[in-house]
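Please read the structure below before turning to the comments.
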Amino acid sequence: MILVLRMRSYNTRAVSSKRTIAAMNNIQLEHMQHGEKRASFPLCFLVHDLEGPENIGSVFRIADAMGVEEVILTGGSAVPPHRKIRKTSRSTEKTVPYVVEVDPLRVIGLLKAEGYVIISLEITSSSIDIRNLDIPVGAKVCLVLGSENVGVSQDLLDVSDHTVHIPMYGANSSMNVAMACAIASFTLVGLYSTFAEHA
């Protein structure tokens, strides 16, 4: 028995043309061509005892990308000027406002007096999935980030209004603090965008 295989015929010239048009509509932009509007949100970072300058540099770069109003470096956190911070931050530490304070509890007291909601990013016995966070419309938020090794200290957890975590589905129970900061920041900025859409 002879099997006859019928091959589907394509107009290769037409397919190639469509792919070329699609490719022309999806061209990577240069940095100077990036057309997103600059924005600022009532969100600040309090970074306590984050000693790695590369992580601090990443936090500055995230702050710049997410429209964060200020970075507060406390305790033993690495601070600018620092060669490794500048390299990782792509010099955003020069454009993102920041302050250096020794005592984070004093800073949190001042922020609470100004109406900020204090949110610690940590896995605890009562932390909630950050996607389930419920804050007032337009709330001013301070996101608290801890050290690479021990996370957010108990003293800071005790004065936080909320403690949130990022759900993880792999074998590891934690991620790099800068990676976690990026995810949390994007989620929080998304809340502000949602508030604006429903205003």
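Computed from the coordinates by the stated procedures, all read-outs in this text should not be read as laboratory data. Only a predicted model underlies this, so the values are computations on that prediction, with no experimental measurement involved. Neighbour counts are summed over all protein chains in view; Cβ atoms, including those assigned to glycine, are modelled from backbone coordinates with ideal geometry.
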Item to complete: Grab the Cα-Cα distance for residue 87 and residue 135, subtract it from 0.36 nm times how many residues apart they are, and report the gain in nm with one decimal.
Response: 13.8 nm
Worksheet entry | Longest to shortest principal axis, alpha-carbon extents of segment 25-169, angstrom | 48, 36, 34
Discussion item. So if each residue of separation counts as 0.36 nm, and I subtract the Cα-Cα distance between residue 25 and residue 70, what length gain in nm does that give?
Written reply: 12.5 nm
Worksheet, complete the sentence: The simple spin-label model distance between residue 103 and residue 159, using points 7 Å out along Cα→Cβ, in nm, is 0.8
Fill in: Percent of beta bridges antiparallel (DSSP, segment 82-179, rounded to nearest 5)
10
Worksheet, complete the sentence: Within the under-14-Å Cβ sphere about residue 111, not counting residue 111, Lys/Arg +1 and Asp/Glu -1 give a net charge of -3
Practice prompt. Starting from the exponent 0.38 and prefactor 2.2 Å, build the expected Rg for segment 87-199 from its residue count and divide its actual Cα Rg by it.
Written response: 1.11
Response to the item:
residue 87 neighbourhood, Cβ < 12 Å, K/R = +1, D/E = -1, net charge +3
Discussion item. Working only with C-alpha atoms, what are the Rg and Dmax values of segment 85-136, expressed in angstrom?
Written reply: 15.1, 38
Worksheet item: Could you give the length gained on full extension between residue 79 and residue 32, defined as 0.36 nm per residue of separation minus the Cα-Cα distance, in nm?
Response: 14.1 nm
Worksheet item: Using a Förster distance of 30 Å, how high is the FRET efficiency between residue 125 and residue 193, based on the Cβ-Cβ distance and rounded to 0.05?
Response: 0.45
Worksheet item: Where Lys and Arg each count +1 and Asp and Glu each count -1, what net charge lies around residue 44 among other residues with Cβ under 9 Å from its Cβ?
Response: -1
